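The values are calculated or read from the model by the stated rules, or taken from the named source; none is laboratory data. Just so it is clear, the structure is predicted and the values come from calculations on it, not from any experiment. Note that each Cβ is placed from the backbone with ideal geometry, even for glycine, and that neighbours are counted across all protein chains shown.
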Amino acid sequence: MIVGVLAVQGAFAEHEKILKELGVEYLELRNGNDARQDFDGLILPGGESTTQGKLLRELDMFEPLQEKIAYGLPVLATCAGLILLAEELSNDSARYFGTLPVKVKRNAYGRQLGSFYTEEAVGDLGKVPMTFIRAPYIESVKAGVEVLAEVNEHIVAVRYKNQIGLSFHPELNEDRKIHQMFLDSISHQDLKAWTQKAI
C-alpha cells in the first residue's frame, strides 16, 4: 500500500510521520508527474486552502488528482483539505475539486475560537481527540453523505463513498483511529476498480 500525500503547503509532514509509524509507505506529491503516479490513497492536509488550490493548478496536479478522486481513490482530507473537496463554500466563491457533496464554511469559528481542542465520538470509533485551528465546519450535506461527528451542533466529520472529510487535525494528536479508519477503507476496496480508469 502506498499513500500519496499532497506536499505543497501545510501540515503534510505530520501525516507522513503517522503513516511511517503505522508501517505504510507514502509518496510526496509535489508536481504533475507525482500526481500521475500509482498510489492507493490520498491525504489532503491542513494548511491554507487558497494557496493549496493555486499551487495544485500551477504545478499541474489539479486535474489528475480530481480525476483519481472522482473515480474512487480513497481520500482523507483535514481542514484545508476538506475545503478542497467541498462541492460548495458558503462564504467564498472559490471551488476546487468539488467531489464531496457538502457545503462548507471557511474559518467558521472566528477569532475567539480560532483554535481549540475537544474530544467527541467519530462514527463507531468512540471518542477521538480533535484539534481545531482556524477551522471550517460543514453547514449542510447532500444525500449519501454520512455524518461521522458533530461539535456544538456543527458537523465536523463526514464520509462519502471513498472520501473522509474532517474539520479538525487528527495528525496533531497521539490517537491513530482516524488514520487507521482511512487505511482500512483502502484495504477493503477493489483498488483496480479506479486505477484502471484513472490516468
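Applying the set (1) modelled with pLDDT of 95 or more; (2) surrounded by fewer than 19 Cβ atoms within 10 Å (Cβ to Cβ); (3) not aromatic (F, W, Y) to L73 leaves exactly one unmet item: (2).
Residues of segment 134-145 that are under 15 Å from the mean Cα position of the chain (by Cα) and surrounded by fewer than 18 Cβ atoms within 10 Å (Cβ to Cβ): none at all. Inspect all residues belonging to segment 51-67 and state whether any of them is surrounded by fewer than 22 Cβ atoms within 10 Å (Cβ to Cβ), over 13 Å from the mean Cα position of the chain (by Cα), at pLDDT 95 or above and assigned to a strand (DSSP E or B). No: segment 51-67 contains no residue that is surrounded by fewer than 22 Cβ atoms within 10 Å (Cβ to Cβ), over 13 Å from the mean Cα position of the chain (by Cα), at pLDDT 95 or above and assigned to a strand (DSSP E or B). The set of residues from segment 104-122 being at pLDDT below 95 and assigned to a loop (DSSP other than H, G, I, E, B) comprises R106, N107, A108, Y109, G110, R111, Q112, L113, G114.
Looking for something in contact with a helix residue (DSSP H, G or I) (Cβ under 9 Å, 6 or more places away or on another chain) and modelled with pLDDT of 95 or more - is there at least one such residue anywhere in segment 86-93? No, that holds for no residue.
Every residue, every condition in (1) surrounded by fewer than 16 Cβ atoms within 10 Å (Cβ to Cβ); (2) on the phi > 0 side of the Ramachandran plot; (3) in a strand (DSSP E or B), yes or no:
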| residue | (1), (2), (3) |
| --- | --- |
| F39 | no, no, no |
| I69 | no, no, no |
| A77 | no, no, yes |
| N91 | yes, no, no |
| V102 | no, no, yes |
